[in-house]
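One structure is given here, and the rest of the page talks about it.
The values are calculated or read from the model by the stated rules, or taken from the named source; none is laboratory data. On a predicted model such as this, the values are computed, not experimentally measured, just so you know. A quick note on method: Cβ atoms are made from the backbone with ideal geometry, for glycine too, and the neighbour counts reach across all protein chains shown. What goes into the accessible areas is simple: the full protein's heavy atoms, side chains included, and nothing from ligands, DNA or RNA. Shrake-Rupley method; radii C 1.70, N 1.55, O 1.52, S 1.80 Å.
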Amino acid sequence: MIEIKFKTYGTDGFQTNEQTKLLNSDVNGVVAVAISHYSDGSVEVSLDDDEQNGLEFGSTFMKFDNFESYCQNGKFDLVVKDVVGINFVKYSEFKLNLTSIMQACDQLKVELEKTLK
């Protein structure tokens, strides 16, 4: 199960709202999206830097870079910061774990873009 949190921040920088959506998946993880409103009227959508955003399957955890993952022109770009848990794992198991995470990333990206429209 992937938990998607949408956190809205006002022009003062304080959180004003949070909504949670669950994405049915064999992969586990949390992705928190920060929707920040600025006094000039602009809005920025990125991963919330207060959360450890990432997906996990088996012994493999993929962490996203909160500062580089953002939405632009209706497309959400998830940037991988690192992949951990790959020491002393059979290649076949690692490949299965990573393939499952990558498929979940594709579903997550679609869900984020659909929700943010």
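Quick notes
- Percent carbon-and-sulfur accessible area, the chain, ignoring ligands, DNA and RNA, probe 1.4 Å: 50
- Of (i) 106, 44, 24; (ii) 52, 23, 23; (iii) 45, 33, 26, the label for Cα extents along the principal axes in Å derived from the coordinates: (ii)
- The 3J(HN,Hα) values that the Karplus relation (6.51, -1.76, 1.60; θ = phi - 60°) gives for the range 26-31 are, in residue order, 6, 8, 10, x, 10, 10 Hz. Gly and Pro appear as x.
- Against the chain, whose longest principal axis comes from its Cα atoms, helix 91-116 is set at around 20 degrees.
- Gln72/Met102 FRET efficiency (R0 22 Å; Cβ-Cβ; nearest 0.05): 0.55
- Positive dipole terminus of the chain, leading residue within Gly13, Tyr70, Gly41 (C-beta point charges): Tyr70
- Modelled FRET efficiency - R0 22 Å, Ser36 with Lys5, Cβ distances, 0.05 increments: 0.95
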